[in-house]
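What follows is a set of notes on a single structure, which appears directly below.
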Amino acid sequence: MARLAKLTIEEIRDEVLSLIAFDQPDLNIIELSDDKVEISGRLFVMPKSPENQPLGALDQFEVRIVIPIGFPAIEPLVFETGGRIERELDYHVNPNGSCCYSVWPAWLADAKDQSISEVVSGPIMDFFRWQYVRLNGIDAATAIGERQHYISGLLDAYAEVLDCSPTQKSVSSHLKVLRRKWLRSRWRCPCGSRKKIGVCCETNLRKIKGRVSPEIAEIMQEKLNSQSR
């Protein structure tokens, strides 16, 4: 079970330079310090379908992205700086301008590649595709993957990762098991059946544990705790 490979500032810088060179040439590093790499400029929003990408960008947004030391355990902050997106929760933008572009712990659990390029081309790009669809009045807005706000959206995202009911009790029970280093067949199954794991959901739980390491499960639980306060 792979641990999160927390990057050094030098590694973050190198990944950002690769992103700029190959995918987003109008972004630039504007600050490099001991605790973060900050980039700014125009983000080109590409079509999601690979066969449409040669047609060019759908749109472009002025952005600022702050990638902290500790990435990927700690999520980047993304700001839309061009004033095109209203700072309203319904548009998934906080009053300080930061964008709610993903349920980060759920993305960590699902992502096969946790590189900065994958973050930008994945959840960040999906967020701005959704904004492009919304701003242009396209009916397909719901197809981009919009979630509810606050704990409801968090539980829905976690439930998809954990293959369980989207209730706080069910999610917390599954995370309690997944935060342990080993899975014991004699433990009570987190599905609520009152059976032991060995005669209930063991096969599925071992499959999930192959993706959700104890470290990621701990991050998921911390996020859930913060949303529950």
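Could you check the range 96-123 and list, in sequence order, the residues that are surrounded by fewer than 19 Cβ atoms within 10 Å (Cβ to Cβ) and in contact with a strand residue (DSSP E or B) (Cβ under 6 Å, 6 or more places away or on another chain)? Correct list: Gly97, Ser98. For first residues located in the range 3-32 and within 18 Å of Val119 (Cβ to Cβ), partners that are surrounded by fewer than 12 Cβ atoms within 10 Å (Cβ to Cβ) and lie 6+ apart or on another chain with Cβ distances below 8 Å form the pairs Ile9/Ser33; Ile9/Asp34; Ile9/Asp35. Does the range 207-228 contain at least one residue that is among the aliphatic types (A, V, I, L, M), modelled with pLDDT of 95 or more and surrounded by fewer than 18 Cβ atoms within 10 Å (Cβ to Cβ)? No - not one qualifying residue is present in the range 207-228.
Applying the set (1) in contact with a Lys or Arg (Cβ under 7 Å, 6 or more places away or on another chain); (2) closer than 20 Å to Gly153 by Cβ to Leu175 leaves exactly one unmet item: (1). Among helices (runs of 4 or more DSSP H) entirely within the range 123-229, having at least 1 residues that are touching a helix residue (DSSP H, G or I) at 6+ places or on another chain (Cβ under 7 Å) and within 27 Å of Lys48 (Cβ to Cβ) singles out 125-135, 150-162, 202-209, 214-228. The strands (runs of 3 or more DSSP E) falling completely within the range 8-120 that include 1 or more residues that are touching an Asp or Glu at 6+ places or on another chain (Cβ under 6 Å) and not polar (S, T, N, Q) map to 27-32, 36-45, 59-68.
The values are calculated or read from the model by the stated rules, or taken from the named source; none is laboratory data. Quick caveat, the model's predicted, so the values are computed rather than measured. Ideal geometry is used to build each Cβ from the backbone, glycine not excepted, and the neighbour counts take in all protein chains shown.
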